[in-house]
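The values are calculated or read from the model by the stated rules, or taken from the named source; none is laboratory data. What you see is a predicted model; the values in this text were computed from it and never measured. For neighbour counting, all protein chains shown are included, and Cβ atoms are generated from backbone atoms with ideal geometry for every residue, glycine included.
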Amino acid sequence: MKSILLLLTALLGLVSAANAQSTIRPGRAIEIRIQGVPNEEMVRVNNTYPVSQSGYIRMPFIGNVHAAGLSSTNLASRIESAYKSAEIYTSPTIQVIVSSDDTVMENVVTVGGQVTAPGPVKFQPGMTLYQAVQAARGATPFGSMYRVKLIRNGKLREYDLTKTQFKGVLVRPNDTIEVPQKNIWGR
């Protein structure tokens with residue numbers, strides 16, 4: 001009887017250790033895979049996402065999703081629900097893989113709005129605002145390069161990337177770039 005109790009105690013200890021290890025923490029990178037959507041959509045979502053220090057990841061089409069403190073299964077369910085409730089995907093299947101590294105600090109720039117591949121773009125030293133937009137596969141036919149927004153530390157600046165003088169504006173890790181929709185004048 002003692003050996004059965006010891007065995008059960010050991011198993012419970014292993015289960016709790018496994019649960020503690022699979023909890024998502026800020027500063028980690030998680031890999032997200034999606035199925036049940038068209039192939040071109042899979043390319044946009046399948047990626048490695050850094051968890052910000054505030055505990056969020058930035059997902060294409062749905063924006064920030066709180067990840068810290070959740071298990072990979074709970075985060076997958078949360079992302080699936082967000083895509084369904086936003087009526088972006090009807091039956092996605094999300095898989096979340098938590099990295100085994102203690103900290104993964106991948107520097108990214110988030111590019112959103114009217115770009116072909118919105119989402120995180122790997123930051124490269126010396127990267128310009130124009131290069132970041134191009135790394136997101138450029139503006140869609142509806143995107144305006146006349147009013148590209150750069151958000152850094154809560155401050156918004158707007159640049160006309162059709163002018164050479166602004167194409168060289170340097171970006172920094174964790175910047176957010178928004179390519180707006182063209183207005184009625186095509187700008």
Does Y89 satisfy the criteria of being under 30 Å from V148 (Cα atoms) and in a loop (DSSP other than H, G, I, E, B)? yes
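Residue under question is N74, and the condition is that it be outside any helix (DSSP H, G or I), of a type outside the set (F, W, Y) and under 25 Å from R25 (Cβ atoms); does it hold? Break it down into steps so the answer makes sense when it comes.
Working: outside any helix (DSSP H, G or I): no; of a type outside the set (F, W, Y): yes; under 25 Å from R25 (Cβ atoms): yes.
Judged against the criteria, N74 is not a match.
If I filter segment 115-149 down to residues being in a loop (DSSP other than H, G, I, E, B) and in contact with a Ser or Thr (Cβ under 7 Å, 6 or more places away or on another chain), which single residue comes out as farthest from E41 (Cα to Cα)?
First, the residues of segment 115-149 that are in a loop (DSSP other than H, G, I, E, B): 116-118, 123-127, 136-138, 140-142, 144-147.
Still in the running and in contact with a Ser or Thr (Cβ under 7 Å, 6 or more places away or on another chain): 116, 136-138, 140, 145-146.
On the way: T116: 11, A136: 14, R137: 14, G138: 16, T140: 15, M145: 24, Y146: 27 Å.
Filtering first and then ranking leaves Y146.
Yes/no per residue for (1) surrounded by 20 or more Cβ atoms within 10 Å (Cβ to Cβ); (2) more than 14 Å from the chain's Cα centre (by Cα); (3) among the hydroxyl-bearing types (S, T, Y); (4) modelled with pLDDT of 95 or more:
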| residue | (1), (2), (3), (4) |
| --- | --- |
| P92 | yes, yes, no, no |
| V96 | yes, no, no, no |
| D101 | no, yes, no, no |
| V109 | yes, no, no, no |
| V133 | yes, yes, no, yes |
| M145 | yes, yes, no, yes |
| I151 | no, yes, no, no |
| E158 | no, yes, no, yes |
Would segment 165-176 turn up any residue that is of a type in the set (D, E), on the phi < 0 side of the Ramachandran plot, assigned to a strand (DSSP E or B) and not assigned by TED's automatic domain parsing to the domain that holds I34? no
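Confirm whether T110 is of a type in the set (V, I, T) and either out of contact with any Leu (no Cβ under 8 Å at 6 or more places or on another chain) or assigned by TED's automatic domain parsing to the domain that holds P60 (or both). Can you show your working first?
On the way: of a type in the set (V, I, T): yes; either out of contact with any Leu (no Cβ under 8 Å at 6 or more places or on another chain) or assigned by TED's automatic domain parsing to the domain that holds P60 (or both): yes.
The answer is yes for T110.
Could you look through segment 115-124, keep only residues that are farther than 17 Å from P50 by Cα and surrounded by fewer than 18 Cβ atoms within 10 Å (Cβ to Cβ), and pick out the one that is nearest to the chain's Cα centre (by Cα)? So that I can check it myself, show each step before the final result.
Applying the first criterion (farther than 17 Å from P50 by Cα) to segment 115-124 yields 115-117.
Narrowing further to those that are surrounded by fewer than 18 Cβ atoms within 10 Å (Cβ to Cβ): 116-117.
Working: T116: 15, A117: 12 Å.
The residue in question is A117.
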May I ask you to list the residues in segment 26-52 that are more than 16 Å from F123 (Cβ to Cβ) and part of a strand (DSSP E or B)? I30, E31, I32, R33, I34, Q35
